[in-house]
């Protein structure tokens, strides 16, 4: 599906050159003793891509806790145990894609040096993950170039002033994230699998557009990219975006009861559009402020829609 390909698309060095002045969107809300920063991320970036600026650095330095979508155990065997055992009752992987797609799918497997039989006993969603990982490797894309990895390093370093160590938390567990895909209908899982071989040329263009919109803090363009994603079916949009955004907003509202400063970094698509985390927070009466890079860098597209503007939080 375009949503996943866009996040992991081929990176062309010339097209993805670091902008003169990147200014990804940063938000803040809180109360008397709690401050929460919201920052939209790109999970995979070109190596050396310069996206941090003074306001982002200040927010990170002031925060005692980093909250990301999920924290993956550094021991790969721990994560591997979350996947289901082989199922010999499943049909061969090539039979799970439409006949007119099988030739391209087989070619994709050959290019990735994947033996189709190794996928035959995997659930469809897991086979899609394996193929996605192989594509990343073939294209030289590394997730450790992404925003979350970069920020996490700042929180994992031992404090130099003798203060308490900072922590990294997840909004979801790795198991619950995998369950999002494992619980999809077989039709939705096959849509994900098919997306691995369809429209790869468009993925380059989509990624460049998304990266440009993100780097310039253009929330309208980010939201439009997800709205125009034809592979993101209504059910997938409900499961992967709306439902999670609402849950995260409730978590953030509850987090205001605990004093401190936290930096929340989640995929940029979760912080743009009418079903964004900010929209759900605004519906709860929580006022959110965007922190701009400088006074001239403003865009009406980045504001919460007027009919969902936040009032003062009822708990204040």
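Annotations
- Qualifying residue in region 174-184 (condition: crowded, with 21+ Cβ neighbours inside 10 Å, in contact (Cβ under 8 Å) with a residue 60 or more places away in the chain and closer than 23 Å to residue 70 by Cα): no
- Residue 57 part of a helix (DSSP H, G or I) and surrounded by fewer than 11 Cβ atoms within 10 Å (Cβ to Cβ): no
- Of residues in region 214-234 being touching a residue at least 60 places away in the same chain (Cβ under 8 Å) and not in a helix (DSSP H, G or I), the one surrounded by the most Cβ atoms within 10 Å (Cβ to Cβ): 217
- Region 246-270 residues that are at negative phi and touching a residue at least 60 places away in the same chain (Cβ under 8 Å), paired with ones that are in a helix (DSSP H, G or I) and surrounded by fewer than 18 Cβ atoms within 10 Å (Cβ to Cβ) (beta carbon under 6 Å, 6 or more apart): 261/62
- If only residues of region 72-118 that are in a helix (DSSP H, G or I) and within 15 Å of residue 186 (Cβ to Cβ) are counted, the one that is farthest from the chain's Cα centre (by Cα) is 95.
- Test: residue in region 267-274 that is in contact with a helix residue (DSSP H, G or I) (Cβ under 7 Å, 6 or more places away or on another chain) and surrounded by fewer than 19 Cβ atoms within 10 Å (Cβ to Cβ): no
Here, each number is a calculation from the coordinates, and none is a lab measurement. Predicted, not measured: the structure shown is a model, and the values here were computed from it. Virtual Cβ from ideal backbone geometry, glycine too; neighbours counted across all protein chains shown.
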